[in-house]
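Novice: One structure coming up, written as structure tokens, with questions to follow.
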Amino acid sequence: MSVPEVSIERRVEWIDTDAAGHHHFSSVLRWVESAEAELLRRYGLDWLFGRAPRVRHEVDYRNRLRFGELVTTRLRVERIGRTSLTYAFTVHGKEGLAAEGRMTVAHVERDAPSASPWPPEVREAFGAPA
């Protein structure tokens, strides 16, 4: 089975920039979350919204992105554990790799006090053993 992944394109908007004239660090995480939303929709898992809080993220910033530049964000499922899932991502602009990193989310049922195992349909959709 292939690795679940998605690529999306966005433009660097004015709101994505900072006083130095290039992208603000937080824009990368917004693009990653947009890619995550697209991935969950494609796999019929959009019901997970509100049930997968972020528990960790790390980003290595490699290059600047400027206002108006077309950006491609690639997100893939790197690992699915019992209660958490780690995505790996890259963000490319016209000069190549601008950022790369990982984001880990946990599965939490609504109003639950802690993480719970991923439902079987999530593990199946992402090709993880039951």
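Novice: It is to be established whether one or more residues within the range 32-39 are closer than 21 Å to PRO129 by Cα and modelled with pLDDT of 95 or more.
Specialist: yes
This table checks each residue for (1) under 20 Å from GLY68 (Cβ atoms); (2) surrounded by 15 or more Cβ atoms within 10 Å (Cβ to Cβ).
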{"site": "ARG10", "(1), (2)": "yes, yes"}
{"site": "ASP18", "(1), (2)": "yes, no"}
{"site": "HIS24", "(1), (2)": "yes, yes"}
{"site": "SER27", "(1), (2)": "yes, yes"}
{"site": "LEU40", "(1), (2)": "no, yes"}
{"site": "TYR43", "(1), (2)": "no, yes"}
{"site": "ASP46", "(1), (2)": "no, no"}
{"site": "PHE49", "(1), (2)": "no, no"}
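Novice: Now, a different point. Out of TYR61, TYR87, report the one residue that is surrounded by 12 or more Cβ atoms within 10 Å (Cβ to Cβ) and either within 25 Å of ASP111 (Cα to Cα) or β-branched (Val, Ile, Thr) (or both).
Specialist: Residue meeting the stated conditions: TYR87.
Novice: Inside the range 49-130, counting only strands (runs of 3 or more DSSP E) that do not spill past its ends, which hold 3 or more residues that are farther than 19 Å from SER7 by Cα?
Specialist: 54-61
Novice: Which numbered condition trips up VAL3, out of (1) among the aliphatic types (A, V, I, L, M); (2) surrounded by 13 or more Cβ atoms within 10 Å (Cβ to Cβ); (3) not in a helix (DSSP H, G or I)?
Specialist: (2)
Novice: Okay, moving on. Can you run down the residue pairs with Cβ atoms below 8 Å, 6 or more apart or on separate chains, where the first is in the range 34-54 and over 13 Å from LEU85 (Cα atoms) and the partner is surrounded by 13 or more Cβ atoms within 10 Å (Cβ to Cβ) and among the polar types (S, T, N, Q)?
Specialist: Filtered contacts from the range 34-54: SER34/THR73; ALA35/SER7; ALA35/THR73.
The values are calculated or read from the model by the stated rules, or taken from the named source; none is laboratory data. None of these values were measured; they are calculated from a predicted model. Because the Cβ atoms are built from the backbone with ideal geometry, glycine has one as well, and the counts that use them run over all protein chains shown.
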